[in-house]
Amino acid sequence: MNMPDTQNVPDAPMPPTPGAQFGLPMPGGTSVSHVRVYDTVGPDGLAGGSPHLHTVCTEAYLVIAGEGMVQTLSGEGYAETPLVAGTVAWFSPGTIHRLVNLDGRLELYVLMSNAGLPEAGDMILAFEPSLLDDEQRYRGIADLPADGCTTANSPDPAMRRRDAAVKGFHHWRSAVERRGPEGLGPLYRAAVELLGDRPADWLDLLAGDPAEDLERSRAQVEELWWPDRGRAAARLAESAIRSTSLHPDTRRMGCCGTLGTVVH
């Protein structure tokens, strides 16, 4: 995922969800970010982002420029999916994904399910076991310092994190080549442990935008086939439109590239 590093800044306030900001959730309770994929080269000679996974959220890419690929490790094994302008690619929780920027111009929009949940710590980086098994060491690399969260300061902390995750990705890829998808078992177990107490508050987040959008659709369907359809017509009268654009402020350092927040 390419969320801002609010999850990595102690006591940082959670950004409001689209529903809270605009009074109208995005479809399905999603959030949207704009990503310019890192064009700096990692330890294996490929430019791109930090391999990571999400424990709950589904993610989608809408590619708008450039050429690249997303390398993935999942229950289906290792895969490389080409990315060009017009490509839409999406993957489920547990998929370790790495964006590779082949021409230096890869740019895309990222849609994340469960708006607010990724920012609450749903992401785990695909480090090697020695880093995953020691939470202090993991956090020392995964959590960007306050002065390393935006492009206004040095990119070094974000690149150290990226490079460690790339090395880890190759470790887990080798494990999958040897044992199949079962080779990812230790990574998944470590990911669950690293979440700690964070999931205790996640049901409240799911009860916001995602549940509200689903409930609105469910209620409308029911009302459309009631004998008295007056409520269905009244609900249509509650319609509205909202819009927003890329925020012009300083871009943030995300896992896969620099981030411009559109709707979170």
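The values are calculated or read from the model by the stated rules, or taken from the named source; none is laboratory data. In this text, all values refer to a predicted model and were calculated from it rather than measured experimentally. When we count neighbours, we look across all protein chains shown, and the Cβ atoms used for this are built from the backbone with ideal geometry, even at glycine. These area figures cover heavy atoms from the full protein model, side chains too; ligands, DNA and RNA do not enter into them. Shrake-Rupley method; radii C 1.70, N 1.55, O 1.52, S 1.80 Å.
Across the accessible surface of region 160-219, with the other protein chains kept in place and a 1.4 Å probe, carbon and sulfur atoms take up 54 percent. Using a ≥ b ≥ c from the Cα gyration tensor of region 158-263 (square roots of the eigenvalues), is it rounded, prolate or oblate, where a/c under 1.5 gives rounded and otherwise the larger of a/b and b/c decides, a/b for prolate? Prolate is the answer for region 158-263, as a/c is 1.5 or above and a/b outweighs b/c.
Here the Gaussian network model covers the chain, with springs between Cα atoms less than 10 Å apart; of 111, 236, 184, 236 fluctuates the most.
Debye calculation, C-alpha points only, no solvent: report log10 I(q)/I(0) for region 195-250 at q = 0.16 Å⁻¹, in the same order as the q values. For region 195-250 at q = 0.16 Å⁻¹, log10 I(q)/I(0) is -0.74. In angstrom, the C-alpha Rg and Dmax of region 39-103 are 11.6, 31.
Quick check for me: using +1 on Lys/Arg Cβ and -1 on Asp/Glu Cβ, what's the dipole size of the chain about its Cα centre, in debye to the nearest 20?
For this selection, approximately 400 debye.
Under Stokes-Einstein, with the Kirkwood radius over Cα pairs as Rh, the value for region 77-217 at 37 °C and 0.692 mPa s is 189 µm²/s. Taking a ≥ b ≥ c as the square roots of the Cα gyration tensor eigenvalues, region 111-160 comes out oblate, since a/c reaches at least 1.5 and a/b does not exceed b/c.
In order along region 15-28, the Karplus-derived 3J(HN,Hα) couplings, from 6.51 cos²θ - 1.76 cosθ + 1.60 at θ = phi - 60°, round to x, x, 6, x, x, 5, 6, 10, x, 8, x, 5, x, x Hz, and Gly and Pro are given as x. Oblate is the label for region 158-197, because a/c, from the alpha-carbon gyration tensor with a ≥ b ≥ c as root eigenvalues, is 1.5 or above and a/b does not exceed b/c. The loop-placed trypsin sites (Lys or Arg not before Pro) in region 33-116, going by DSSP, that have at most 16 neighbouring Cβ atoms within 10 Å of their Cβ come out as 105. Placing a label point 7 Å from the Cα of residue 193 along the Cα-to-Cβ line, the residues of region 36-57 whose backbone N sits under 19 Å from it are 53-55. The chymotrypsin sites (Phe, Trp or Tyr not before Pro) of region 168-255 meeting both criteria, a DSSP state outside H, G, I, E and B (loop) and at most 15 other C-beta atoms within 10 angstrom of the site's C-beta, are 225. Among 71, 21, 220, the residue with the largest mean-square fluctuation in a Gaussian network model of the chain, with springs joining Cα atoms closer than 10 Å, is 220. Each residue of region 101-118 is assigned a 3J(HN,Hα), and the resulting list reads 9, 7, 10, x, 10, 5, 9, 7, 9, 10, 9, 10, 6, 6, 3, x, 6, x Hz, derived from the Karplus form 6.51 cos²θ - 1.76 cosθ + 1.60 (θ = phi - 60°), x at Gly and Pro. For the chain, a Gaussian network of Cα nodes joined below 10 Å ranks 155, 118, 18 by mean-square fluctuation, and the top entry is 155. Of the residues 185, 148, 195, the one whose Cα sits farthest towards the positive end of the charge dipole of region 120-215 is 185 (charges of +1 on Lys and Arg Cβ, -1 on Asp and Glu Cβ, taken about the Cα centre).
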